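Worksheet: one structure, shown below.
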Amino acid sequence: MDAAVPFQLPADAPEVEVRTSQRRRKTSEAQWVNGRIVVSLPAHLHGKEREETIAWLVQRLMDKRPGICSLGDEELMARARELSARYLDDVRPRSVRWVANQTARWGSCSWYSGEIRISHRLRDVPEWVLDSVLVHELAHLRYPNHSPAFHALADAYPRHHEAGLFLAGYGLGLGLRPT
């Protein structure tokens, strides 16, 4: 592994490992390995050319997989509050957190306690899909059912229907049964 070289990565980039090879002459590549990006470069690349190549490869790879979410529970709660203020007349959750034990749902809401749980599987979806699930669960704080009033509130999120279609396909890709 190479010594750290300062280069400009996207603000939301995960950990990046740079590997060089004397045998690699012309090609460079980047790939996901265990949640981080591994960049492979020819050993002769140095300085600005090296930095620009790494930044370009990382950005290109991240653009192909836009939904990697590194939000912690506190940031997830802040995002839910922001969405609530924007779309739901400031409904206030008591807590919003990631959970790994939801196998049949994307999220759940205990309206009586104000607790919202979001499936860890949503860490890999685009931001607008996660936002739609958060708005859906936040709407349950006002309507603990799927009544027309609930749907009118949840549909305030502009891409709610589109996110539902995305999640249907994503669920099939994960091997989940349609509900």
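The values are calculated or read from the model by the stated rules, or taken from the named source; none is laboratory data. Quick caveat, the model's predicted, so the values are computed rather than measured. For neighbour counting, all protein chains shown are included, and Cβ atoms are generated from backbone atoms with ideal geometry for every residue, glycine included.
Annotations for the structure displayed:
- Residue count for segment 133-179, restricted to those that are more than 24 Å from S110 (Cβ to Cβ), assigned to a helix (DSSP H, G or I) and of a type in the set (A, V, I, L, M, F, W, C): 4
- The number of residues in segment 73-94 being outside any loop (DSSP other than H, G, I, E, B), out of contact with any Pro (no Cβ under 6 Å at 6 or more places or on another chain) and in contact (Cβ under 8 Å) with a residue 40 or more places away in the chain comes to 5.
- When H140, H136 are screened for being over 16 Å from E82 (Cβ atoms), surrounded by 14 or more Cβ atoms within 10 Å (Cβ to Cβ) and not hydroxyl-bearing (S, T, Y), only H140 passes.
- Some residue of segment 83-100 being surrounded by fewer than 17 Cβ atoms within 10 Å (Cβ to Cβ) and of a type in the set (V, I, T): yes
- Among residues of segment 32-50 being loosely packed, with under 11 Cβ neighbours inside 10 Å and not in a loop (DSSP other than H, G, I, E, B), the one that is modelled with the lowest pLDDT is V33.
- Yes/no for T103 being surrounded by fewer than 16 Cβ atoms within 10 Å (Cβ to Cβ) and within 24 Å of the chain's Cα centre (by Cα): yes
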